[in-house]
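Inspection log for the structure reproduced underneath, given as C-alpha coordinates.
The values are calculated or read from the model by the stated rules, or taken from the named source; none is laboratory data. Bear in mind the structure is a predicted one, so any value in this text is a computation, not a measurement. No Cβ is skipped: glycine too gets one built from the backbone with ideal geometry, and neighbour counts run over all protein chains shown.
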Amino acid sequence: MSTEHAGQSVTRGQAVAVPVTACRSCGGPSPRPFLTLGCTPIANRLLRPDDLAGHEPVFPLEIGFCESCALVQLTHALPAEEIFDADYPYYSSFSDMLCRHAEKHVIDLIASHNLGPDSLVVEIASNDGYLLRAFVERGIPVLGIEPSPGPAAAARKIGVPTRAEFFGADLARALVADGLRADVIIANNVLAHVPDLNSFVAGMSILLADDGIITVENPGVGALLANTEFDTVYHEHFCYFSTIAVDALMRRHGLSIVEVAEFPELHGGTLRWRLRRAAADRESPQVRERLERERAAGLDTFERYAGFGADVRELQAELLALLRELAGQGRTVAGYGAAAKGATLLNSSGITTDLVQYVVDRNVHKQGKYIPGARTPILAPAVLAERRPDYLLLLAWNVRDEIMEQQAAFARRGGKFIVPVPRPVVC
Ligand code: ZN
(Lines give C-alpha, C1' and ligand atoms only; values in the text may rest on other atoms or scores of the structure.)
Protein backbone atom coordinates (compact mmCIF):
# COMPACT_ATOMS: atom_id res chain seq x y z
CA MET A 1 0.00 0.00 0.00
CA SER A 2 1.42 3.36 -1.02
CA THR A 3 1.40 6.49 1.08
CA GLU A 4 2.80 8.64 -1.75
CA HIS A 5 -0.31 10.47 -2.73
CA ALA A 6 -0.01 14.09 -1.67
CA GLY A 7 -1.61 16.42 -4.17
CA GLN A 8 -2.68 13.79 -6.72
CA SER A 9 -6.08 12.37 -7.57
CA VAL A 10 -6.07 8.66 -6.89
CA THR A 11 -8.27 6.35 -8.94
CA ARG A 12 -9.13 2.82 -7.88
CA GLY A 13 -11.84 1.04 -9.82
CA GLN A 14 -14.73 3.45 -10.49
CA ALA A 15 -14.26 5.92 -7.66
CA VAL A 16 -11.84 8.83 -7.42
CA ALA A 17 -10.37 10.31 -4.26
CA VAL A 18 -10.00 14.04 -4.80
CA PRO A 19 -7.47 16.14 -2.86
CA VAL A 20 -9.23 18.71 -0.67
CA THR A 21 -8.05 22.05 -2.03
CA ALA A 22 -10.04 24.32 0.28
CA CYS A 23 -11.16 24.01 3.90
CA ARG A 24 -14.65 22.49 4.13
CA SER A 25 -15.69 25.13 6.65
CA CYS A 26 -13.99 28.48 5.94
CA GLY A 27 -12.86 27.88 2.34
CA GLY A 28 -9.26 28.75 3.33
CA PRO A 29 -6.16 27.03 1.86
CA SER A 30 -5.75 23.20 1.76
CA PRO A 31 -5.57 21.56 5.19
CA ARG A 32 -1.96 20.98 6.31
CA PRO A 33 -1.43 17.19 6.70
CA PHE A 34 -0.30 15.73 10.05
CA LEU A 35 -1.37 12.06 10.07
CA THR A 36 -1.10 9.60 7.18
CA LEU A 37 -2.65 6.14 7.57
CA GLY A 38 -1.80 4.80 4.11
CA CYS A 39 -4.33 3.73 1.49
CA THR A 40 -7.27 1.76 2.88
CA PRO A 41 -10.68 0.54 1.67
CA ILE A 42 -13.89 2.28 2.82
CA ALA A 43 -14.16 1.10 6.44
CA ASN A 44 -17.90 0.41 6.56
CA ARG A 45 -18.05 -1.42 3.23
CA LEU A 46 -18.02 -4.94 4.64
CA LEU A 47 -17.27 -7.70 2.14
CA ARG A 48 -19.62 -10.55 1.33
CA PRO A 49 -18.14 -14.00 0.66
CA ASP A 50 -18.64 -13.37 -3.09
CA ASP A 51 -16.54 -10.19 -2.91
CA LEU A 52 -13.43 -11.98 -1.68
CA ALA A 53 -12.36 -13.00 -5.18
CA GLY A 54 -12.68 -9.42 -6.47
CA HIS A 55 -10.47 -6.35 -6.49
CA GLU A 56 -10.99 -4.05 -3.55
CA PRO A 57 -10.62 -0.29 -4.11
CA VAL A 58 -8.42 1.60 -1.65
CA PHE A 59 -8.13 5.35 -1.07
CA PRO A 60 -5.63 7.63 0.71
CA LEU A 61 -6.46 8.11 4.39
CA GLU A 62 -4.81 11.25 5.76
CA ILE A 63 -5.91 14.17 7.94
CA GLY A 64 -4.79 17.78 8.04
CA PHE A 65 -5.40 21.03 9.95
CA CYS A 66 -6.90 24.26 8.59
CA GLU A 67 -4.66 27.07 9.72
CA SER A 68 -7.45 29.61 9.16
CA CYS A 69 -10.36 28.12 11.22
CA ALA A 70 -8.70 25.20 13.12
CA LEU A 71 -10.87 22.52 11.52
CA VAL A 72 -9.22 19.09 11.22
CA GLN A 73 -10.31 17.26 8.07
CA LEU A 74 -9.42 14.55 5.56
CA THR A 75 -6.98 15.73 2.92
CA HIS A 76 -8.68 13.53 0.29
CA ALA A 77 -12.41 13.09 -0.20
CA LEU A 78 -14.70 10.57 -1.84
CA PRO A 79 -18.16 11.41 -3.17
CA ALA A 80 -20.76 10.89 -0.39
CA GLU A 81 -22.66 8.34 -2.51
CA GLU A 82 -19.58 6.08 -2.48
CA ILE A 83 -19.76 5.94 1.28
CA PHE A 84 -23.42 5.92 2.28
CA ASP A 85 -24.80 3.25 -0.02
CA ALA A 86 -27.69 0.87 0.55
CA ASP A 87 -25.42 -1.55 2.41
CA TYR A 88 -24.47 0.95 5.13
CA PRO A 89 -24.44 -1.51 8.01
CA TYR A 90 -24.72 0.61 11.14
CA TYR A 91 -27.96 0.33 13.08
CA SER A 92 -27.80 2.40 16.27
CA SER A 93 -30.05 0.44 18.56
CA PHE A 94 -27.42 -2.27 18.81
CA SER A 95 -25.53 -0.31 21.48
CA ASP A 96 -27.08 -0.34 24.97
CA MET A 97 -25.00 2.62 26.09
CA LEU A 98 -26.14 4.74 23.12
CA CYS A 99 -29.79 3.93 23.88
CA ARG A 100 -29.42 4.99 27.53
CA HIS A 101 -27.61 8.19 26.56
CA ALA A 102 -30.33 9.01 23.99
CA GLU A 103 -33.19 8.37 26.42
CA LYS A 104 -31.67 10.70 29.01
CA HIS A 105 -31.18 13.41 26.35
CA VAL A 106 -34.84 13.15 25.31
CA ILE A 107 -36.19 13.46 28.86
CA ASP A 108 -33.91 16.43 29.46
CA LEU A 109 -34.98 18.20 26.23
CA ILE A 110 -38.70 17.70 26.90
CA ALA A 111 -38.39 19.16 30.39
CA SER A 112 -36.08 22.06 29.56
CA HIS A 113 -38.04 23.18 26.47
CA ASN A 114 -41.62 22.34 27.51
CA LEU A 115 -42.11 20.13 24.46
CA GLY A 116 -45.65 18.90 23.79
CA PRO A 117 -48.12 17.89 21.07
CA ASP A 118 -47.64 21.24 19.24
CA SER A 119 -43.86 20.99 19.11
CA LEU A 120 -41.73 19.53 16.33
CA VAL A 121 -38.48 17.68 16.88
CA VAL A 122 -36.35 17.09 13.80
CA GLU A 123 -33.42 14.74 13.91
CA ILE A 124 -30.85 14.76 11.12
CA ALA A 125 -29.25 11.36 10.47
CA SER A 126 -31.98 9.75 12.57
CA ASN A 127 -30.76 6.27 11.67
CA ASP A 128 -33.26 3.57 12.71
CA GLY A 129 -35.31 6.02 14.82
CA TYR A 130 -33.86 4.90 18.16
CA LEU A 131 -33.86 8.44 19.56
CA LEU A 132 -36.99 9.91 17.94
CA ARG A 133 -39.03 6.92 19.08
CA ALA A 134 -38.65 8.17 22.66
CA PHE A 135 -40.39 11.47 21.65
CA VAL A 136 -43.12 9.62 19.71
CA GLU A 137 -43.87 7.50 22.78
CA ARG A 138 -44.44 10.74 24.72
CA GLY A 139 -46.82 12.22 22.12
CA ILE A 140 -44.36 14.73 20.61
CA PRO A 141 -44.37 15.08 16.79
CA VAL A 142 -41.09 14.24 15.08
CA LEU A 143 -39.48 14.08 11.67
CA GLY A 144 -36.44 11.96 10.97
CA ILE A 145 -34.08 12.66 8.09
CA GLU A 146 -31.93 9.70 7.16
CA PRO A 147 -30.29 9.19 3.75
CA SER A 148 -29.56 5.47 4.20
CA PRO A 149 -32.63 3.57 2.96
CA GLY A 150 -32.19 0.53 5.26
CA PRO A 151 -32.22 2.38 8.58
CA ALA A 152 -34.88 4.85 7.26
CA ALA A 153 -37.24 1.93 6.50
CA ALA A 154 -36.54 0.41 9.93
CA ALA A 155 -37.47 3.75 11.54
CA ARG A 156 -40.79 4.01 9.67
CA LYS A 157 -41.61 0.47 10.77
CA ILE A 158 -41.47 1.54 14.44
CA GLY A 159 -43.64 4.62 13.82
CA VAL A 160 -40.99 7.30 13.26
CA PRO A 161 -41.84 9.39 10.14
CA THR A 162 -38.59 9.57 8.16
CA ARG A 163 -37.46 11.17 4.90
CA ALA A 164 -34.71 9.23 3.17
CA GLU A 165 -32.73 12.25 1.95
CA PHE A 166 -29.45 14.08 2.53
CA PHE A 167 -29.96 17.20 4.64
CA GLY A 168 -28.85 20.64 3.45
CA ALA A 169 -30.15 24.14 2.74
CA ASP A 170 -32.36 22.95 -0.17
CA LEU A 171 -34.21 20.33 1.88
CA ALA A 172 -34.59 22.82 4.78
CA ARG A 173 -36.21 25.38 2.41
CA ALA A 174 -38.56 22.70 1.07
CA LEU A 175 -39.60 21.73 4.62
CA VAL A 176 -40.20 25.37 5.56
CA ALA A 177 -42.27 25.81 2.36
CA ASP A 178 -44.37 22.87 3.62
CA GLY A 179 -45.04 24.88 6.80
CA LEU A 180 -42.57 23.11 9.09
CA ARG A 181 -40.32 24.83 11.64
CA ALA A 182 -38.37 22.87 14.21
CA ASP A 183 -38.46 23.66 17.92
CA VAL A 184 -35.61 21.25 18.41
CA ILE A 185 -33.06 20.05 15.85
CA ILE A 186 -30.87 17.16 16.89
CA ALA A 187 -27.75 16.25 14.92
CA ASN A 188 -25.83 13.49 16.67
CA ASN A 189 -22.71 11.97 15.13
CA VAL A 190 -23.49 13.36 11.70
CA LEU A 191 -21.46 16.58 11.38
CA ALA A 192 -18.29 14.59 10.70
CA HIS A 193 -20.02 12.82 7.78
CA VAL A 194 -21.19 15.99 6.02
CA PRO A 195 -19.35 16.89 2.80
CA ASP A 196 -20.92 20.37 2.52
CA LEU A 197 -20.75 21.72 6.06
CA ASN A 198 -21.97 25.21 5.14
CA SER A 199 -25.11 23.97 3.38
CA PHE A 200 -25.83 21.66 6.33
CA VAL A 201 -25.52 24.38 8.97
CA ALA A 202 -27.37 26.90 6.79
CA GLY A 203 -30.16 24.30 6.56
CA MET A 204 -30.37 23.97 10.34
CA SER A 205 -30.54 27.74 10.64
CA ILE A 206 -33.34 27.95 8.02
CA LEU A 207 -35.42 25.18 9.61
CA LEU A 208 -35.06 26.35 13.22
CA ALA A 209 -37.98 28.20 14.86
CA ASP A 210 -36.94 31.63 16.16
CA ASP A 211 -36.74 30.47 19.77
CA GLY A 212 -35.71 26.92 18.87
CA ILE A 213 -32.65 25.02 19.98
CA ILE A 214 -30.14 22.90 18.12
CA THR A 215 -28.10 20.18 19.76
CA VAL A 216 -25.09 18.76 17.96
CA GLU A 217 -23.01 15.86 19.26
CA ASN A 218 -19.71 14.67 17.86
CA PRO A 219 -16.54 13.14 19.25
CA GLY A 220 -14.13 15.99 20.09
CA VAL A 221 -10.76 16.25 18.38
CA GLY A 222 -9.11 17.06 21.75
CA ALA A 223 -9.96 13.56 23.06
CA LEU A 224 -8.86 12.02 19.75
CA LEU A 225 -5.39 13.52 20.25
CA ALA A 226 -5.16 12.97 24.01
CA ASN A 227 -6.20 9.28 23.80
CA THR A 228 -4.48 8.43 20.47
CA GLU A 229 -7.87 7.49 18.98
CA PHE A 230 -6.40 7.39 15.46
CA ASP A 231 -8.73 4.54 14.48
CA THR A 232 -11.69 6.96 14.55
CA VAL A 233 -10.16 8.40 11.38
CA TYR A 234 -11.81 6.88 8.31
CA HIS A 235 -13.17 8.02 4.96
CA GLU A 236 -16.72 8.40 6.29
CA HIS A 237 -15.43 11.01 8.77
CA PHE A 238 -14.59 14.06 6.66
CA CYS A 239 -13.98 16.36 9.68
CA TYR A 240 -12.85 16.24 13.36
CA PHE A 241 -14.17 19.04 15.57
CA SER A 242 -12.99 21.26 18.37
CA THR A 243 -15.35 23.80 19.93
CA ILE A 244 -13.11 26.44 18.33
CA ALA A 245 -13.85 25.08 14.83
CA VAL A 246 -17.58 24.58 15.55
CA ASP A 247 -17.87 28.14 16.88
CA ALA A 248 -16.41 29.59 13.65
CA LEU A 249 -18.67 27.40 11.49
CA MET A 250 -21.88 28.21 13.39
CA ARG A 251 -21.27 31.96 13.63
CA ARG A 252 -21.05 32.08 9.84
CA HIS A 253 -24.74 31.02 9.77
CA GLY A 254 -26.09 33.24 12.54
CA LEU A 255 -25.96 30.57 15.24
CA SER A 256 -24.12 30.72 18.52
CA ILE A 257 -23.08 28.07 21.01
CA VAL A 258 -24.91 28.56 24.32
CA GLU A 259 -23.59 25.47 26.13
CA VAL A 260 -20.93 22.76 25.76
CA ALA A 261 -21.28 19.43 27.58
CA GLU A 262 -18.68 16.67 27.61
CA PHE A 263 -19.28 12.90 27.72
CA PRO A 264 -15.85 11.29 28.14
CA GLU A 265 -17.23 7.71 27.98
CA LEU A 266 -19.17 8.14 24.74
CA HIS A 267 -17.35 7.34 21.45
CA GLY A 268 -14.02 8.03 23.16
CA GLY A 269 -14.96 11.57 24.25
CA THR A 270 -18.06 13.27 22.86
CA LEU A 271 -18.94 16.95 22.97
CA ARG A 272 -22.51 18.25 22.83
CA TRP A 273 -22.92 21.80 21.64
CA ARG A 274 -26.29 23.56 22.19
CA LEU A 275 -26.98 26.39 19.78
CA ARG A 276 -29.49 29.17 19.33
CA ARG A 277 -29.88 32.04 16.96
CA ALA A 278 -27.02 34.42 17.66
CA ALA A 279 -27.88 37.28 19.99
CA ALA A 280 -25.53 39.62 21.84
CA ASP A 281 -27.11 38.88 25.23
CA ARG A 282 -26.58 35.13 24.86
CA GLU A 283 -22.79 35.13 25.13
CA SER A 284 -22.19 32.33 27.60
CA PRO A 285 -19.36 32.44 30.17
CA GLN A 286 -19.28 28.62 30.14
CA VAL A 287 -18.67 28.59 26.38
CA ARG A 288 -16.06 31.33 26.66
CA GLU A 289 -14.24 29.29 29.31
CA ARG A 290 -14.38 26.17 27.12
CA LEU A 291 -12.90 28.06 24.15
CA GLU A 292 -10.11 29.42 26.34
CA ARG A 293 -9.35 25.92 27.64
CA GLU A 294 -9.11 24.54 24.08
CA ARG A 295 -6.79 27.37 23.06
CA ALA A 296 -4.61 26.73 26.11
CA ALA A 297 -4.42 23.06 25.00
CA GLY A 298 -3.18 24.23 21.59
CA LEU A 299 -6.19 22.99 19.58
CA ASP A 300 -5.93 26.12 17.39
CA THR A 301 -2.27 25.60 16.46
CA PHE A 302 -0.65 23.19 13.99
CA GLU A 303 2.13 22.42 16.51
CA ARG A 304 -0.29 20.50 18.78
CA TYR A 305 -1.25 18.25 15.87
CA ALA A 306 2.23 17.83 14.42
CA GLY A 307 3.42 15.35 17.08
CA PHE A 308 0.35 13.12 16.76
CA GLY A 309 1.66 11.07 13.82
CA ALA A 310 4.61 9.86 15.92
CA ASP A 311 2.27 8.89 18.83
CA VAL A 312 0.21 6.80 16.41
CA ARG A 313 3.18 5.02 14.85
CA GLU A 314 4.46 4.14 18.33
CA LEU A 315 1.07 2.68 19.35
CA GLN A 316 0.82 0.65 16.14
CA ALA A 317 4.34 -0.77 16.59
CA GLU A 318 3.58 -1.77 20.20
CA LEU A 319 0.33 -3.46 19.26
CA LEU A 320 1.88 -5.32 16.34
CA ALA A 321 4.78 -6.50 18.53
CA LEU A 322 2.32 -7.78 21.16
CA LEU A 323 0.21 -9.65 18.61
CA ARG A 324 3.30 -11.20 16.96
CA GLU A 325 4.59 -12.30 20.34
CA LEU A 326 1.25 -13.97 21.13
CA ALA A 327 1.15 -15.65 17.70
CA GLY A 328 4.71 -16.89 18.29
CA GLN A 329 3.53 -18.49 21.55
CA GLY A 330 0.71 -20.23 19.68
CA ARG A 331 -1.99 -18.08 21.35
CA THR A 332 -5.19 -17.31 19.49
CA VAL A 333 -6.60 -13.78 19.24
CA ALA A 334 -10.10 -12.77 18.16
CA GLY A 335 -11.36 -9.22 17.71
CA TYR A 336 -14.53 -7.81 19.30
CA GLY A 337 -16.60 -5.27 17.36
CA ALA A 338 -16.70 -4.96 13.57
CA ALA A 339 -17.05 -1.18 13.72
CA ALA A 340 -15.44 1.05 11.10
CA LYS A 341 -12.65 1.97 13.50
CA GLY A 342 -11.72 -1.72 13.67
CA ALA A 343 -11.06 -1.62 9.93
CA THR A 344 -8.82 1.45 10.31
CA LEU A 345 -6.94 -0.13 13.21
CA LEU A 346 -6.36 -3.45 11.43
CA ASN A 347 -5.55 -2.02 8.00
CA SER A 348 -3.37 0.93 8.98
CA SER A 349 -1.42 -1.22 11.47
CA GLY A 350 -0.98 -4.17 9.08
CA ILE A 351 -2.86 -6.65 11.32
CA THR A 352 -3.82 -9.60 9.14
CA THR A 353 -5.75 -12.82 9.89
CA ASP A 354 -2.59 -14.63 11.01
CA LEU A 355 -2.60 -12.28 14.03
CA VAL A 356 -6.34 -11.74 14.59
CA GLN A 357 -8.18 -14.73 13.15
CA TYR A 358 -11.76 -13.46 13.25
CA VAL A 359 -13.92 -10.72 14.76
CA VAL A 360 -17.21 -11.16 16.59
CA ASP A 361 -20.07 -8.66 16.56
CA ARG A 362 -23.62 -8.72 17.98
CA ASN A 363 -24.98 -6.98 14.88
CA VAL A 364 -26.61 -9.70 12.77
CA HIS A 365 -26.30 -7.48 9.66
CA LYS A 366 -22.51 -7.76 9.91
CA GLN A 367 -22.21 -11.47 10.71
CA GLY A 368 -21.10 -13.66 7.81
CA LYS A 369 -19.29 -10.72 6.18
CA TYR A 370 -15.63 -9.66 6.26
CA ILE A 371 -13.74 -6.56 7.42
CA PRO A 372 -12.60 -4.78 4.23
CA GLY A 373 -8.88 -4.81 3.52
CA ALA A 374 -7.79 -7.21 6.25
CA ARG A 375 -10.61 -9.59 5.18
CA THR A 376 -11.16 -10.74 8.73
CA PRO A 377 -14.32 -12.88 9.00
CA ILE A 378 -17.14 -11.48 11.20
CA LEU A 379 -18.91 -14.08 13.34
CA ALA A 380 -21.57 -14.14 16.08
CA PRO A 381 -20.23 -13.72 19.65
CA ALA A 382 -21.58 -17.20 20.45
CA VAL A 383 -18.56 -18.73 18.65
CA LEU A 384 -16.30 -17.54 21.47
CA ALA A 385 -17.66 -20.31 23.71
CA GLU A 386 -16.76 -22.97 21.09
CA ARG A 387 -13.50 -21.62 19.75
CA ARG A 388 -12.18 -20.36 23.07
CA PRO A 389 -9.63 -17.78 21.88
CA ASP A 390 -6.94 -16.84 24.42
CA TYR A 391 -7.28 -13.10 23.81
CA LEU A 392 -9.97 -10.66 22.67
CA LEU A 393 -8.72 -7.50 20.97
CA LEU A 394 -11.31 -4.81 21.74
CA LEU A 395 -11.73 -3.06 18.39
CA ALA A 396 -14.88 -1.43 19.82
CA TRP A 397 -12.91 -0.05 22.80
CA ASN A 398 -15.48 2.76 23.18
CA VAL A 399 -17.93 0.21 24.66
CA ARG A 400 -15.17 -1.59 26.57
CA ASP A 401 -17.08 -1.95 29.86
CA GLU A 402 -20.20 -3.23 28.11
CA ILE A 403 -18.19 -5.90 26.24
CA MET A 404 -16.25 -7.00 29.31
CA GLU A 405 -19.52 -7.37 31.20
CA GLN A 406 -21.06 -9.46 28.39
CA GLN A 407 -17.92 -11.57 28.15
CA ALA A 408 -17.60 -12.35 31.87
CA ALA A 409 -17.63 -16.10 31.03
CA PHE A 410 -14.68 -15.61 28.62
CA ALA A 411 -12.70 -13.90 31.40
CA ARG A 412 -13.67 -16.58 33.97
CA ARG A 413 -12.13 -19.32 31.90
CA GLY A 414 -8.86 -17.38 31.67
CA GLY A 415 -9.46 -15.25 28.54
CA LYS A 416 -7.70 -11.87 28.46
CA PHE A 417 -8.69 -8.57 26.84
CA ILE A 418 -6.37 -6.38 24.78
CA VAL A 419 -7.41 -2.71 24.84
CA PRO A 420 -5.55 -0.96 21.98
CA VAL A 421 -5.95 2.73 22.95
CA PRO A 422 -4.66 5.05 24.38
CA ARG A 423 -1.77 2.51 24.64
CA PRO A 424 -2.10 -1.26 24.11
CA VAL A 425 -2.73 -3.01 27.45
CA VAL A 426 -3.65 -6.59 28.38
CA CYS A 427 -6.22 -6.94 31.17
ZN1 ZN B 1 -10.91 26.46 7.68
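Checking the structure you have, find out if any residue of region 339-347 is in contact with a strand residue (DSSP E or B) (Cβ under 9 Å, 6 or more places away or on another chain), surrounded by fewer than 21 Cβ atoms within 10 Å (Cβ to Cβ) and under 26 Å from GLN406 (Cα atoms).
Checked region 339-347: no residue is in contact with a strand residue (DSSP E or B) (Cβ under 9 Å, 6 or more places away or on another chain), surrounded by fewer than 21 Cβ atoms within 10 Å (Cβ to Cβ) and under 26 Å from GLN406 (Cα atoms).
Cβ-Cβ distance below 7 Å, separation of 6 or more or different chains: which pairs start in region 67-83 with a residue that is farther than 12 Å from ILE42 by Cβ and among the β-branched types (Val, Ile, Thr) and end on one that is away from the ligand (no atom under 16 Å from the Cβ) and modelled with pLDDT of 85 or more?
Here the result reads THR75/GLU62, each pair linking region 67-83 to a residue that is away from the ligand (no atom under 16 Å from the Cβ) and modelled with pLDDT of 85 or more.
Among what's in region 54-83 and is of a type in the set (Gly, Ala, Ser) and under 21 Å from PHE167 (Cα atoms), pick the residue that is surrounded by the most Cβ atoms within 10 Å (Cβ to Cβ).
ALA77
Here is a yes/no grid of residues against (1) closer than 17 Å to THR270 by Cβ; (2) charged (D, E, K, R); (3) touching a residue at least 12 places away in the same chain (Cβ under 8 Å):
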site: ALA202; (1), (2), (3): no, no, yes
site: ALA209; (1), (2), (3): no, no, yes
site: VAL221; (1), (2), (3): yes, no, yes
site: ASP231; (1), (2), (3): yes, yes, yes
site: LEU249; (1), (2), (3): no, no, yes
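When you look at GLY179, is it in the same structural domain as ASP96 (by TED's automatic domain parsing), surrounded by fewer than 24 Cβ atoms within 10 Å (Cβ to Cβ), farther than 27 Å from HIS267 by Cα and touching a residue at least 24 places away in the same chain (Cβ under 8 Å), yes or no?
For GLY179, the condition - in the same structural domain as ASP96 (by TED's automatic domain parsing), surrounded by fewer than 24 Cβ atoms within 10 Å (Cβ to Cβ), farther than 27 Å from HIS267 by Cα and touching a residue at least 24 places away in the same chain (Cβ under 8 Å) - is not met.
Looking only at region 341-370, count how many residues are among the hydrophobic types (A, V, I, L, M, F, W, C) and more than 23 Å from ASP96 (Cα to Cα). Let's see the steps before the verdict.
Here is the first cut: in region 341-370, the residues among the hydrophobic types (A, V, I, L, M, F, W, C) are 343, 345-346, 351, 355-356, 359-360, 364.
Restricting the remaining residues to those that are more than 23 Å from ASP96 (Cα to Cα) gives 345-346, 351, 355-356.
Count: 5.
Show the residue pairs meeting these rules: Cβ distance below 6 Å; 6+ apart or different chains; first residue within region 25-37 and within 14 Å of the ligand (Cβ to nearest atom); second residue in a strand (DSSP E or B).
Cβ pairs passing all conditions: PRO31/GLY64; PRO31/PHE65; PRO31/GLN73; ARG32/GLY64; ARG32/PHE65.
Given the options ALA261, ALA279, ALA226, name the one that is over 22 Å from SER348 (Cβ atoms), out of contact with any strand residue (DSSP E or B) (no Cβ under 6 Å at 6 or more places or on another chain) and small (Gly, Ala, Ser).
Exactly one of ALA261, ALA279, ALA226 is over 22 Å from SER348 (Cβ atoms), out of contact with any strand residue (DSSP E or B) (no Cβ under 6 Å at 6 or more places or on another chain) and small (Gly, Ala, Ser), namely ALA279.
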